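Peer 1: Let me give you the structure first, and then I'll get to my questions.
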Amino acid sequence: VNSNLFRDYIGAIFNGVKFTDVPINPKVRFDFILAFIIDYTTETNPPTPTNGKFNIFWQNTVLTPSAVASIKQSNPNVRVAVSMGGATVNDRPVFFNITSVDSWVNNAVESLTGIIQDNNLDGIDIDYEQFQVDPDTFTECVGRLITVLKAKGVIKFASIAPFGNAEVQRHYMALWAKYGAVIDYINFQFYAYGASTTEAQYVDFFNQQIVNYPGGNILASFTTAATTTSVPVETALSACRTLQKEGKLYGIFIWAADHSRSQGFKYETESQALLANATISY
C-alpha cells in the first residue's frame, strides 16, 4: 500500500552532519534514525559485548538531545529513532551475543529506556547483521524487548533492517513470524544486492520480501555512499516509481544522510518529492 514514509539514517560516519542540514518535505512523514547504539563496551579496544547494556556510538556531540528536540519542534512531521547493532564497531564485526535471554532483555530494557528518554527519541530499529545465537534466541530477545518498550510507552514504533543474506533472513524471518505484530516497518536493505541489479530485478527482490514478511510495511531503499558494489541510486529510484504505480511503495529509506551531504541531499529531496505525491492510504 502506498504511503509517504521517508526515513534517513544519520550519525554513523562522524562527519558533522546535522539534522538541520537535511531537507525535510512537510508532506511526508520523516524519520531520522540515529546510527548506532551497540551493546558493546566503549572503553576497551577492541570493544567487547556487554549483554544488552547499550552504549551510544552515533556522533552525539552533534546530534544532541537538544538538536533532537529542536528538529522535532520546528518540523511536526519529524520523529527520531535509534538503530541497534550495525555491521561493525571500530572496523570489527558487531555480533548479536548474549549471556541469557532474560538477562539480555532486562539489561536492554533498562539501558535503552535511559538512552531513549535522555535523547527524546520515538522508536528503535534493529540492525544486527552477524549472530552468535540461533534464530529462536534472537527472536525471543528482540521480540520481548520491543513488546516491553511499547507496553511501557518508551517507544511508539519499531523497525527491522534485514537484507538478502540467508543467515540474516533466517533470524529476521523467525522474528517476524512470532513478533510481527509489534514491528511497524521493515527497512529492507535492497542496496545490498549487486551493482548489476536491474530495475526489474529490484522489483522482483521487493516482491520476494512481501512473501518473506507477510503483512509487513516494507520500505524500498538505496545507499548514497560512494560504492561500486551496491544497486545504483537511479535504478532504485526507477524501481520506486514502478512500485508506487503498482500501489506497493509504503516508503523509502536512505543509508545515509552522512554520505548524502556531499551531494547536496539531492536524493533525499527527490525521494521525498516522489512520496509526497503518493495516494495516501495508511
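Peer 1: If only one of L145, L112 is under 17 Å from V182 (Cβ atoms), in contact (Cβ under 8 Å) with a residue 60 or more places away in the chain and part of a helix (DSSP H, G or I), which one is it?
Peer 2: Details: L145 fails: in contact (Cβ under 8 Å) with a residue 60 or more places away in the chain.
The unique qualifying residue is L112.
Peer 1: Which condition breaks for Q201 when tested against (1) over 22 Å from I33 (Cβ atoms); (2) touching a strand residue (DSSP E or B) at 6+ places or on another chain (Cβ under 6 Å)?
Peer 2: (2)
Peer 1: Within region 10-22, restricting attention to residues that are within 18 Å of T223 (Cβ to Cβ) and either part of a loop (DSSP other than H, G, I, E, B) or free of Cβ contacts under 8 Å to residues at least 24 places away in the same chain (or both), which residue is most open to solvent (accessible area, probe 1.4 Å)?
Peer 2: Top of the filtered list is F14.
Peer 1: With respect to V105, determine if the residue is crowded, with 16+ Cβ neighbours inside 10 Å and farther than 23 Å from F253 by Cα.
Peer 2: Yes; evaluated as a whole, the condition is true for this residue.
Peer 1: Now, a different point. Among the helices (runs of 4 or more DSSP H) contained in region 200-282, which hold 3 or more residues that are small (G, A, S) and surrounded by 15 or more Cβ atoms within 10 Å (Cβ to Cβ)?
Peer 2: Per the criteria, 233-245.
Peer 1: So, in region 29-44, exactly how many residues are within 17 Å of the chain's Cα centre (by Cα) and crowded, with 21+ Cβ neighbours inside 10 Å?
Peer 2: Here the count works out to 10.
Peer 1: Only residues in region 211-229 that are farther than 21 Å from F6 by Cα and without any contact (Cβ under 8 Å) to a residue 60 or more places away in the chain count as the first member; pair them with residues that are among the aliphatic types (A, V, I, L, M) and surrounded by 15 or more Cβ atoms within 10 Å (Cβ to Cβ), Cβ under 7 angstrom, at least 6 apart or cross-chain, and list the lot.
Peer 2: N212/M173
Peer 1: Tell me which residues, restricted to region 48-91, are closer than 16 Å to F14 by Cβ, outside any loop (DSSP other than H, G, I, E, B) and open to solvent by 60 Å² or more (accessible area, probe 1.4 Å).
Peer 2: T88
The values are calculated or read from the model by the stated rules, or taken from the named source; none is laboratory data. Predicted, not measured: the structure shown is a model, and the values here were computed from it. Because the Cβ atoms are built from the backbone with ideal geometry, glycine has one as well, and the counts that use them run over all protein chains shown. The area values use the complete protein model at the heavy-atom level, side chains included, leaving out ligands, DNA and RNA. Shrake-Rupley method; radii C 1.70, N 1.55, O 1.52, S 1.80 Å.
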